[in-house]
Amino acid sequence: MQYTNFNSFINKILNRIEIKLKRTYLLSRPLEVAIEPTMKCDSNCVMCNRNFSRKETKNAAGLLSWDILLKAQPFFKYAERVLFCGFGEALLHPEYLAMLREIKRSNPFVYLFTNGISMTEEMGRGLVDAGIDMICISIGGATKETYRKIRGVDAFEQVMNNIRLITEYKKKTGKKIPILTFEVVAMNSILNELESIVQLAHSVGVECINSPNLVVQGMDIKEECTWLNIENTRKAYQKAGIMAKKLNITFNSPIFNVCRSDCRAFFQKMFINWDGTVMTCALERYIIGDLKKENIASIWNSNGMIKLRKNYYEKGLEVTCPNCVCWDKRPETFLNPSINSREYAEQVL
């Protein structure tokens, strides 16, 4: 990480010291803040849990207010990164660019995940001019047919054209950012197209491809899980990785090795929903506060957060966050994960 400001650098050092000392009340602030513009979406992806555990949010229409954004602002200057998107399609917020410029005033690294449909020429130029650091475009396959099957909409050519326009504008203005990435969920339906996805990325100016494992939120999607087809999956990703290296594209394959790692979200992350409710992480297991009722500093060191940090030290992640793909990288965890839905989240206030 290249630090964009002194505050975030000092904050990370302090955070490391506090974790080493096993503190539960933190003077350091989150290293990453995520803030959600909206839950609205214009795709209908087959793996999205809108089709499973949270069907009632399919028609969500709420928008992040300036009031909530400004209440979150005090933490932006301490963050290494600000993720300015959430569960929905961020670019559907009518004031996205104005809010982005406000966040960038604090000078963090800002990025978003988008399906790219609303990333028109005007929006693309606005994102570049506002100084967003990275745009992660979610795609599903290298053909219109596979894209339609996975993403649920006929927007393949539109999205690719939108990416080309941003690449052209970056060249025209001599700007190196935003970094453009493809986000390709590892699914059996795209294995035969991985090399074509690499070629496609090269043709439109995408510099990096990330491919996270599929999290099976509903049994209808289980057959797409590559853990059920692991040898063919390894071969397909190995071939695609070789091609990516030749084309100078960073290629991050899914995790194939069964392992357990660490997760320090309780100490380093904060996720703010469009309505001001605050969660510990993107897996939406715990609700820790509400910016409509509390200030952001008090939420960060609330009784609930202190309890969760204490549980992390004393009971471990196995008890505090069981069956979570963030740290438990086993096939059975991806095939039978905890429910990723704020509607089922536990309030620890």
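Taking the stretch 247-349 as the region of interest, the strands (runs of 3 or more DSSP E) fully inside it that hold 2 or more residues being open to solvent by 20 Å² or more (accessible area, probe 1.4 Å) and over 22 Å from L26 (Cα atoms) are 250-252. The residues of the stretch 323-349 include none that are modelled with pLDDT of 90 or more, touching an Asp or Glu at 6+ places or on another chain (Cβ under 8 Å) and within 14 Å of L308 (Cβ to Cβ). The listed residues are I339, I272, I296, and the only one of them that is touching a residue at least 12 places away in the same chain (Cβ under 8 Å), under 18 Å from I68 (Cα atoms) and out of contact with any Phe, Trp or Tyr (no Cβ under 8 Å at 6 or more places or on another chain) turns out to be I272.
Residues that are within 25 Å of N161 (Cα to Cα), open to solvent by 10 Å² or more (accessible area, probe 1.4 Å) and either part of a loop (DSSP other than H, G, I, E, B) or among the hydroxyl-bearing types (S, T, Y) (or both) within the stretch 94-132 comprise P94, E95, Y111, I117, S118, T120, G131, listed in sequence order. With respect to the numbered conditions (1) open to solvent by 70 Å² or more (accessible area, probe 1.4 Å); (2) more than 29 Å from N311 (Cα to Cα); (3) among the aliphatic types (A, V, I, L, M); (4) part of a loop (DSSP other than H, G, I, E, B), which one is the sole condition not fulfilled by L70? L70 satisfies all of (1) open to solvent by 70 Å² or more (accessible area, probe 1.4 Å); (2) more than 29 Å from N311 (Cα to Cα); (3) among the aliphatic types (A, V, I, L, M); (4) part of a loop (DSSP other than H, G, I, E, B) except (4). Only a single item in (1) open to solvent by 10 Å² or more (accessible area, probe 1.4 Å); (2) at pLDDT below 95 is not met by R54, and it is number (1). Here the stretch 57-67 is the region considered, the condition is being more than 20 Å from the chain's Cα centre (by Cα) and either of a type in the set (S, T, Y) or modelled with pLDDT of 95 or more (or both), and the residue that is farthest from G276 (Cα to Cα) is W66.
Given the condition buried (at least 18 other Cβ atoms within 10 Å of the Cβ), touching a residue at least 12 places away in the same chain (Cβ under 8 Å) and part of a loop (DSSP other than H, G, I, E, B), answer yes or no: does some residue in the stretch 74-83 qualify? Looking for residues that are buried (at least 18 other Cβ atoms within 10 Å of the Cβ), touching a residue at least 12 places away in the same chain (Cβ under 8 Å) and part of a loop (DSSP other than H, G, I, E, B), one finds at least one in the stretch 74-83, hence yes. Quickly run through the stretch 210-246 and pick out the residues that are open to solvent by 20 Å² or more (accessible area, probe 1.4 Å), part of a loop (DSSP other than H, G, I, E, B) and of a type outside the set (A, V, I, L, M, F, W, C). Correct list: P212, Q217. Residue check: K176 meets all listed conditions (1) more than 29 Å from N51 (Cα to Cα); (2) without any contact (Cβ under 8 Å) to a residue 40 or more places away in the chain; (3) open to solvent by 30 Å² or more (accessible area, probe 1.4 Å); (4) assigned to a helix (DSSP H, G or I) but one, namely (4). Out of E183, E207, one residue alone is in contact with a strand residue (DSSP E or B) (Cβ under 8 Å, 6 or more places away or on another chain), open to solvent by 30 Å² or more (accessible area, probe 1.4 Å) and within 30 Å of A130 (Cβ to Cβ). It is E207. Only one entry in M1, M47 is modelled with pLDDT under 95, loosely packed, with under 15 Cβ neighbours inside 10 Å and out of contact with any Gly (no Cβ under 8 Å at 6 or more places or on another chain), namely M1. Take the conditions (1) under 23 Å from N44 (Cα atoms); (2) out of contact with any Lys or Arg (no Cβ under 6 Å at 6 or more places or on another chain); (3) surrounded by fewer than 18 Cβ atoms within 10 Å (Cβ to Cβ); D154 misses just one of them, which is (2). Of all the residues in the stretch 133-167, those that are assigned to a loop (DSSP other than H, G, I, E, B) and farther than 20 Å from V33 by Cα number 9. Of everything in the stretch 133-151 that's open to solvent by less than 10 Å² (accessible area, probe 1.4 Å) and within 18 Å of the chain's Cα centre (by Cα), which residue is modelled with the lowest pLDDT? Here the residue is G140. Exactly one residue among Y344, Y286, Y312 is aromatic (F, W, Y) and more than 13 Å from A265 (Cα to Cα), and that residue is Y344.
The values are calculated or read from the model by the stated rules, or taken from the named source; none is laboratory data. Please read these numbers as outputs of a predicted model, since none were measured by experiment. Cβ coordinates were reconstructed from backbone atoms using ideal geometry, including for glycine residues, and neighbour counts include every protein chain displayed. Each accessible area value is taken on the protein alone, full model and side chains, heavy atoms only, with ligands, DNA and RNA left out. Shrake-Rupley method; radii C 1.70, N 1.55, O 1.52, S 1.80 Å.
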